[in-house]
Amino acid sequence: MLRSIKVSDYMTRQLVVFTPETDLFDAIKQLLNNNISGAPVVDGDNHVLGLLSELDCLKSILSGSYYDEVGGKVGDFMTKELTTISPSEDMIAVAEMFIGKNRRRLPVVDDHGVLVGQISRRDVLRCMRDYASHIGFES
């Protein structure tokens, strides 16, 4: 049954996104204001170029503090090595990816590589809760 539940059923579609040119402190402000721990970085055609996480921001500030050069652009600090996922992927595969790759979120892209959403570990937990409730395992 869980294999029939797709990423598109639980992914977030309304996203905060950054471009590589976004000022780092503007991005930090948006992360804090939106109570999120990271966001995709996209080009003008909405293709995913990377992710900016709280950890990336902390690393940039720490590194910059050594050289008295705090700040910069998101593109200088984003994580460029990323894994994306299709909206048609099943939730079991997503859970396995989160465990195997130690990620908090995965960008969801269509067949053309365009960002259409994001799936997080919390989304997978919501799916599992809903599934447990559906089959009568809710406490």
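Please treat every number below as a calculation from the coordinates, not as lab data. Predicted model only: the values in this text are computed from it and were never measured. So basically every Cβ, Gly included, is an ideal-geometry build from the backbone, and we count neighbours across all protein chains shown.
Can you name every residue in the stretch 40-55 that is free of Cβ contacts under 8 Å to residues at least 40 places away in the same chain, out of contact with any Ser or Thr (no Cβ under 6 Å at 6 or more places or on another chain) and not in a loop (DSSP other than H, G, I, E, B)? Before the answer, list the steps.
Going through the stretch 40-55, the residues free of Cβ contacts under 8 Å to residues at least 40 places away in the same chain turn out to be 41, 43-44, 49-50, 52, 54-55.
In the following step, the residues that additionally are out of contact with any Ser or Thr (no Cβ under 6 Å at 6 or more places or on another chain) were identified as 41, 43-44, 49, 52, 55.
The answer is Val41, Leu49, Leu52, Leu55.
Among the residues that make up the stretch 32-40, is at least one of them more than 30 Å from Tyr131 (Cβ to Cβ) and out of contact with any His (no Cβ under 6 Å at 6 or more places or on another chain)?
Kept after step one, since they are more than 30 Å from Tyr131 (Cβ to Cβ), are these residues of the stretch 32-40: 32-33.
When the remaining residues are screened for being out of contact with any His (no Cβ under 6 Å at 6 or more places or on another chain), the result is 32-33.
Yes, there is a match, as at least one residue in the stretch 32-40 is more than 30 Å from Tyr131 (Cβ to Cβ) and out of contact with any His (no Cβ under 6 Å at 6 or more places or on another chain).
For the stretch 94-119, enumerate the residues that are more than 13 Å from Ser8 (Cα to Cα) and not in a loop (DSSP other than H, G, I, E, B).
Within the stretch 94-119, the subset more than 13 Å from Ser8 (Cα to Cα) is 95-105, 111-114.
Listed by number, the residues that qualify are Ala95, Glu96, Met97, Phe98, Ile99, Gly100, Lys101, Arg105, Val114.
Which of the residues belonging to the stretch 1-39 are assigned to a loop (DSSP other than H, G, I, E, B) and either in contact (Cβ under 8 Å) with a residue 40 or more places away in the chain or more than 14 Å from the chain's Cα centre (by Cα) (or both)? Working first, answer last.
Applying the first criterion (assigned to a loop (DSSP other than H, G, I, E, B)) to the stretch 1-39 yields 1, 5, 11, 13-17, 19-22, 34-37.
Within the stretch 1-39, Met1, Ile5, Met11, Arg13, Leu15, Val17, Thr19, Pro20, Glu21, Thr22, Ser37 meet the criteria.
Residues of the stretch 71-116 being over 13 Å from the mean Cα position of the chain (by Cα) and of a type in the set (Ser, Thr, Tyr), which ones?
Ser86, Ser88
Across the stretch 18-41, which residue is farthest from Gly71 (Cα to Cα) among those that are surrounded by 17 or more Cβ atoms within 10 Å (Cβ to Cβ) and among the hydrophobic types (A, V, I, L, M, F, W, C)?
Only one residue fits best here, namely Ile36.
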